[in-house]
Amino acid sequence: MKEQMIVFDFDKTLTEKDTLFGFYRSVHKENFSFLIRRTIHLGAAFIYKLGIINNDQLKKIGVSLFLSGMPVSKLKIMAKEYIGDIKLNQVYYHDFLNAPKQKRVIISASFEIYLKELFPEEIVVGSLLKIKKGTIVGLDRNMYGIRKRNYLMSIGINEIDCLYTDSYSDLPLMKMSKKIFLVKNDEVNEIHHDKII
């Protein structure tokens, strides 16, 4: 793998909206149990916004509420079904597909279990679920914030040619990027390093 790459975040960078909660909904369906779990998750998301819990804790709560106890074989089938609901945006069709395939990387806090179904021939790095005896038992890796930078550096990518992201949670990636493109509602604007330090 070459050291310099074109790196894309996924949710709201290549998609019209966040896909993580949609995956939870797709797995659980709209029933009474789901509504209770959704209410608990919304409470956790509110506490996260207040800074009381961190992103790892919020992700663990989501996995516990919606995915834990499920056979991984069943979840893989659901992941294949779910990708049909994901709406890719103009950044995907214009910027991503026009980037050289051997240089582009998708790195996301969303789960690899559906990202790799959606992009089977791409370099994809995402969050991982913990599996024990064929069953989901928790969160193994949350690919969020500084972990994205650490992962890329661990595989020899120490500098990024171009970064596409919708969030300043990717600040560690921004600091190792020559060019930074911030995506908001399908619009792509280059931001300069003096704006992120």
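The values are calculated or read from the model by the stated rules, or taken from the named source; none is laboratory data. All values derive from a computational prediction rather than experimental measurement. When we count neighbours, we look across all protein chains shown, and the Cβ atoms used for this are built from the backbone with ideal geometry, even at glycine. Protein only, heavy atoms only, side chains kept; ligands, DNA and RNA dropped before computing areas. Shrake-Rupley method; radii C 1.70, N 1.55, O 1.52, S 1.80 Å.
Take every Cα pair under 8 Å whose residues are at least 6 apart in sequence, average their separation, divide by the length of the range 99-197, and the relative contact order is 17 percent. Rounded to whole numbers, the Karplus 3J(HN,Hα) couplings from phi for the range 14-27 are 9, 10, 6, 8, 4, 9, 5, 5, x, 5, 4, 5, 5, 5 Hz, using 6.51 cos²θ - 1.76 cosθ + 1.60 with θ = phi - 60°, and x at Gly and Pro. Once you reduce the range 97-171 and the range 1-74 to the center of their Cα atoms, the two points are 15 Å from each other.
Each of Thr15, Gly145, Leu75 was scored by the projection of its Cα onto the charge dipole of the range 6-195, and the greatest displacement toward the positive side belongs to Leu75; charges sit on the C-beta of Lys, Arg, Asp and Glu.
In the chain, the portion of solvent-accessible area held by carbon and sulfur atoms comes to 53 percent [1.4 Å probe, whole percent, DNA, RNA and ligands not counted]. Among Phe34, Phe96, Phe46, the largest mean-square fluctuation in a Gaussian network model of the chain (Cα springs under 10 Å) belongs to Phe46. Relative contact order, whole percent, for the chain stands at 29, derived from Cα pairs under 8 Å and 6 or more residues apart.
Restricting attention to the chain, close to 40% of DSSP beta bridges with both partner residues there are antiparallel. With the helix formula -39500 (n - 2.57) applied to DSSP H stretches of n ≥ 4, the chain reaches a computed 222 nm mean residue ellipticity of -10500 deg cm²/dmol. Along its first, second and third principal axes, ordered by size, the range 6-195 spans 47, 37, 32 Å in Cα coordinates.
Please compute the net charge surrounding Tyr24, taking Lys and Arg as +1 and Asp and Glu as -1 over other residues with Cβ under 9 Å from its Cβ. In short, +3. For the pair Ser33 and Asn55, the difference between a 0.36 nm per residue extended length and the Cα-Cα distance amounts to 5.5 nm. Sorting 170-177, 54-61, 73-80 by average packing, meaning the other beta carbons within 10 Å per residue, from highest down gives 170-177, 54-61, 73-80. Between Ile83 and Met176, the simple spin-label model (points 7 angstrom out along Cα→Cβ) gives 2.6 nm.
Based on the mean of other beta carbon atoms within 10 Å per residue, what is the order of 108-114, 85-91, 124-130, most packed first? Intermediate values should be presented prior to the final figure.
Numbers: 108-114: 22.7, 85-91: 16.0, 124-130: 18.3.
Packing proxy ranking, top to bottom: 108-114, 124-130, 85-91.
Going 7 Å from the Cα of Met153 along its beta-carbon direction, which residues of the range 169-184 have the amide nitrogen within less than 12 Å of the resulting point? Hits in the range 169-184 for Met153 at 12 Å: 172-173, 175-176.
Between rounded, prolate and oblate, where does the range 149-197 land on the alpha carbon gyration tensor, with a ≥ b ≥ c its root eigenvalues, rounded for a/c under 1.5, else prolate if a/b exceeds b/c?
On the way: a/c = 2.04, a/b = 1.73, b/c = 1.17.
Prolate.
Quote to one decimal, in nm, the extra length available between Lys74 and Lys17 on full extension: 0.36 nm per residue of separation minus the C-alpha distance between them.
Numbers: separation 57, 0.36 × 57 = 20.52 nm, distance 2.49 nm.
Stretched fully, the Lys74-Lys17 segment lengthens by 18.0 nm.
Summed over the residues of the range 6-195 and divided among them, the accessible surface reaches 52 Å² per residue at a probe radius of 1.4 Å.
Assuming R0 = 35 Å, can you tell me the calculated FRET efficiency for the pair Arg25 and Gln90, based on Cβ-Cβ distance, to the nearest 0.05? Each step should come with its number before you reach the end.
Numbers: r = 25 Å, r/R0 = 0.71.
Computed FRET efficiency for Arg25 and Gln90: 0.90.
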